[in-house]
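The values are calculated or read from the model by the stated rules, or taken from the named source; none is laboratory data. Predicted model, so just to flag it, every value in this text is computed and none were measured. We place every Cβ from the backbone using ideal geometry, glycine too, and count neighbours over all the protein chains shown. Note: accessible area is taken over every heavy atom of the protein model, side chains too, but ligands, DNA and RNA are not part of it. Shrake-Rupley method; radii C 1.70, N 1.55, O 1.52, S 1.80 Å.
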Amino acid sequence: MELEEAKDLIIKHYSQYIDKKVFFAATNQTLVIKAIDVTKNDNGEYDATCYTENAFEEDADFENGIFEHRSLKDVIKNGRLL
């Protein structure tokens, strides 16, 4: 994905997903989208990346509680907003 495509994807979906719980049936996980940003891989390709926290952790701290990162495209395709 090009840089502008990644930025446009974030702009289009940011308010829909930020600070929302998303359930992933394939892994039986419920995650909270805490941040969405553009990342660049070693091949120079860009992606819109979600940084998530486990929805069931108590007192999760954003700085130390990041559970994983996941492509926004994957979140849209495989996640269900709760």
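Observations
- Exposure ranking of HIS69, HIS13 by accessible area [1.4 Å probe, largest first]: HIS69, HIS13
- Count Lys and Arg as plus one, Asp and Glu as minus one, and take only other residues whose Cβ is under 12 Å from that of ARG80; the net charge is then +3.
- Within-14-Å neighbourhood charge of LEU31 [Cβ basis; K, R +1; D, E -1]: 0
- With at most 13 other Cβ atoms within 10 Å, longest stretch of the chain clear of loop GluC sites (Glu not before Pro) (DSSP): 3-44
- Local electrostatic count, LYS7, Cβ distance below 13 Å [Lys/Arg +1, Asp/Glu -1]: -4
- Spacing of the two label points (7 Å from each Cα toward its C-beta) at THR30 and TYR14, in nm: 2.7
- The modelled label-to-label distance between ASN54 and ASP37, using points 7 Å beyond Cα along the C-beta direction, is 2.3 nm.
- A cut-off of 5 Å between modelled amide H atoms, ignoring neighbours fewer than 5 places along the same chain, links ALA55 with THR30, LEU31, VAL32.
- With a simple spin-label model that places each label point 7 Å from the Cα along the Cα-to-Cβ direction, the separation between ARG80 and GLU2 comes to 3.6 nm.
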